[in-house]
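Student: If you scroll down you'll find the structure; I have some questions about it.
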Amino acid sequence: MDRLTFIDGAVVSVIDLCNSWSKIVQSIKDSHKPVFVCTNDKPEAVVMSLEEFQNMQEIVEAVRREQLGQEMAFNLLEIAQMTGQPIKQMNLNKNGMFEEVGKQ
């Protein structure tokens, strides 16, 4: 259980979860803190509010987009070096086509 002490949230057993589901859900909504569900003192699951889950998903997606952007930039630089061609700045026009910046 010591692995969970750095996260501020309650720890309950599966039996407690079943017996007090409504109270636990209300507590999660009120506190915005997760509840860790344990079986035989071993963490098995986490219950959190939908709002907190959605916030977490937004953060994960933002990190994924950032990583993808960094990977794409690295790949473009690598291609430019391999081909000896400069990277051209492009914009997406109103028709959904890419155009080189400065050309019309």
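Student: Is it the case, given these coordinates, that residue 49 is loosely packed, with under 10 Cβ neighbours inside 10 Å and small (Gly, Ala, Ser)?
Tutor: no
Student: Going residue by residue through the stretch 54-63, is there one that turns out to be over 14 Å from the mean Cα position of the chain (by Cα) and either of a type in the set (A, V, I, L, M, F, W, C) or under 18 Å from residue 15 (Cα atoms) (or both)?
Tutor: Within the stretch 54-63, none of the residues are over 14 Å from the mean Cα position of the chain (by Cα) and either of a type in the set (A, V, I, L, M, F, W, C) or under 18 Å from residue 15 (Cα atoms) (or both).
Student: Of 50, 17, 77, which residue is out of contact with any Gly (no Cβ under 9 Å at 6 or more places or on another chain) and closer than 28 Å to residue 101 by Cβ?
Tutor: Going through 50, 17, 77 in turn, the sole match is 77.
Student: Continuing with the same structure: With respect to residue 33, is the statement that it is surrounded by 10 or more Cβ atoms within 10 Å (Cβ to Cβ) and not in a helix (DSSP H, G or I) true?
Tutor: Values: surrounded by 10 or more Cβ atoms within 10 Å (Cβ to Cβ): yes; not in a helix (DSSP H, G or I): yes.
Yes.
Every number here is computed from the coordinates shown, using simple stated rules; none is lab data. Because the structure is predicted, anything quoted here is derived from the model rather than measured. Methodologically, a virtual Cβ is constructed for each residue, glycine included, from the backbone with ideal geometry; neighbour enumeration extends over all protein chains shown.
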